Amino acid sequence: MLSFITEKQSCWDRLRAEKRPIFIYGMGDGALKIMSAFREKGIVVSGIFASDDFVRGHSFEGFRVHKLSEVEEMVEDFVVVLAFAAGYQEIVDKIHDIASRHTLYVPDVPVVGRGLFTYEYCMENAEKIQKVYDLLADDYSRKVYANIINFKISGRIEYLSSVTTPKEEIYKKIIHPTMNEVYFDLGAYNGDTIRELLEFTHGKYASIYAFEPDRKNFKKLAKFVDGMNHVYAYNAAAWCVDCELPFAAKAGRQSAITAGSENMVSARSVDSILGRKPATIIKMDVEGFEREAIWGAAQTIAHYAPKMMVALYHRNEDIFELPLLIKDLNPRYKLYVRHQLYIPAWETNLYATL
């Protein structure tokens, strides 16, 4: 079982055994999560560096923030730990350039939830992981799935670069969007994924339903769809039932449902809005609450089998729990996994079609 998982030692264990200095590349939430894991595992940080444009003589968590060139002048041989997400070719190329000169790890820390994705974690969930692997519809999906898991254990970026698929290929070979889609965009942000779909349908659609809980993002979304016919934008979270939820608004894409927040946001389910009418495509990128959003669309999924595009990277368990849930709701689905350009394994998504 799990013969496709070849990485047995986690990047955390490798880093703990390192004799060379370890420098974290980046600041912010990712760096804080990695430094917290370092403290738990007794891994020593030697310093922090950032891209030249971000270095202004400031400090982060008690470390002076250096430029990479400064670190290279000070230390002959060191290990780099990437602590931010990169989704643009220019930045990805820069990371690969650094990896060509230094040992580089990208530790996988969950966007939401606790715990680390290790080989031991895989063994605890081996039956479910193997089941998903066996259910996947094509060899390339199985390769992507294996590589993503091996990356999450090892932190080695070559596992990502060898299975990165352009967005256009996913739409044209798996989703096959038509000019008559009833499209649900759950986590619509500023309308970017609506724009993405319309590129492949020449601007044609039957209707679009867009959910975005963050107020600032919703204003951008509302501006984008203003004047478009049959587009319904909701300043709401996607959920299993209609209710109100505590919500922490943050900059950009990082807003999320957060227990204890005093701010409340409306939450809607796909099924309640449709009222037993069909949807043809449902996209879900809802910051770790995909499971609840799927349950909120359970009737639609079971009866109408809309094409599904679902993020698999927010929680450790998403990569096996979400495919199994969707397959249980509609066993007719064919399941595909693809990874778009991103370091770490963000933009790893499940695609379900008939």
Inset, instruction - Evaluate the distance, in nm, between pseudo-label points positioned 7 Å from the Cα of residue 19 and of residue 56 along their respective Cα→Cβ axes. - result: 4.1 nm
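For 315, 142, what's the fewest-to-most ordering of other Cβ within 10 Å of each Cβ? Working shown, then result.
Details: 315 22, 142 17.
Ranking 315, 142 by Cβ neighbours within 10 Å, fewest first, gives 142, 315.
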Legend entry - Test item: Cα-centred dipole of region 4-85, Lys/Arg +1 and Asp/Glu -1 on Cβ, debye: 360 debye
Inset, instruction - Mind sorting 66, 339, 230 by how few other Cβ atoms lie within 10 Å of their own Cβ, fewest first? - result: 230, 66, 339
Inset, instruction - Among DSSP beta bridges whose residues both lie in the chain, state the antiparallel percentage, nearest 5. - result: 35 percent
Inset, instruction - First check a/c for region 97-221, with a ≥ b ≥ c the square roots of the eigenvalues of its C-alpha gyration tensor; if it is under 1.5, answer rounded, and if not, answer prolate when a/b is larger than b/c or oblate otherwise. - result: prolate
Legend entry - Full-stretch length increase - residue 340, residue 244 - with 0.36 nm per residue and alpha-carbon distance subtracted: 31.3 nm
Inset, instruction - Place +1 on the Cβ of every Lys and Arg and -1 on the Cβ of every Asp and Glu in the chain, take the dipole about the Cα centre, and give the residue among 3, 36, 180 whose Cα lies farthest towards its positive end. - result: 180
Legend entry - Kirkwood-Stokes translational diffusion coefficient of region 164-211, alpha-carbon pairs, 25 °C, 0.890 mPa s, µm²/s: 221 µm²/s
Legend entry - Translational diffusion coefficient (Stokes-Einstein; Kirkwood radius from C-alpha pairs) of region 177-311 at 37 °C, 0.692 mPa s, in µm²/s: 223 µm²/s
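Average projected area of the Cα convex hull of region 11-161, in nm²? Show your work: numbers first, answer last.
On the way: hull surface 40.0 nm².
With the hull built on Cα positions only, its mean projection is 10.0 nm².
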Inset, instruction - Would you mind checking which residues have amide H under 5 Å from residue 338's amide H? H placed 1.01 Å from N; only 5 or more apart, or other chain. - result: 349, 351
Inset, instruction - Could you tell me which of rounded, prolate or oblate describes the chain, using a ≥ b ≥ c as the square roots of the eigenvalues of the alpha-carbon gyration tensor, with rounded for a/c under 1.5 and, failing that, prolate when a/b is larger than b/c and oblate otherwise? - result: prolate
Legend entry - Candidate lysines - alpha carbon under 21 Å from residue 128, same-chain residues fewer than 8 apart omitted: 8, 143, 152, 327, 334
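For the chain, what is the relative contact order in percent, using Cα pairs closer than 8 Å and at least 6 residues apart in sequence? All intermediate terms of the calculation are to be shown ahead of the outcome.
Values: 668 pairs, mean separation 59.2, N = 354.
This gives 17 percent for the chain.
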Legend entry - Gain upon complete extension [residue 303, residue 37; 0.36 nm per residue less C-alpha separation]: 91.4 nm
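From largest to smallest, what semi-axes in whole angstrom does region 127-195 give when each is the square root of 5 times an eigenvalue of its alpha carbon gyration tensor?
On the way: eigenvalues 148, 52, 35 Å².
Here the semi-axes work out to 27, 16, 13 Å.
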Inset, instruction - Would you mind working out the magnitude of the charge dipole of the chain relative to its Cα centre, with +1 at each Lys and Arg C-beta and -1 at each Asp and Glu C-beta, to the nearest 20 Debye? - result: 500 debye
Inset, instruction - Give, in nm to one decimal, the length gained when the segment between residue 172 and residue 276 is fully stretched (0.36 nm per residue of separation minus the Cα-Cα distance). - result: 34.6 nm
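Any read-out appearing in this document is the output of simple, stated calculations on the displayed coordinates, not a laboratory observation. Worth saying up front: this structure is predicted, and the values here are computed from it rather than measured. Every residue, glycine among them, receives a Cβ derived from its backbone with ideal geometry; neighbour counts consider all protein chains shown.
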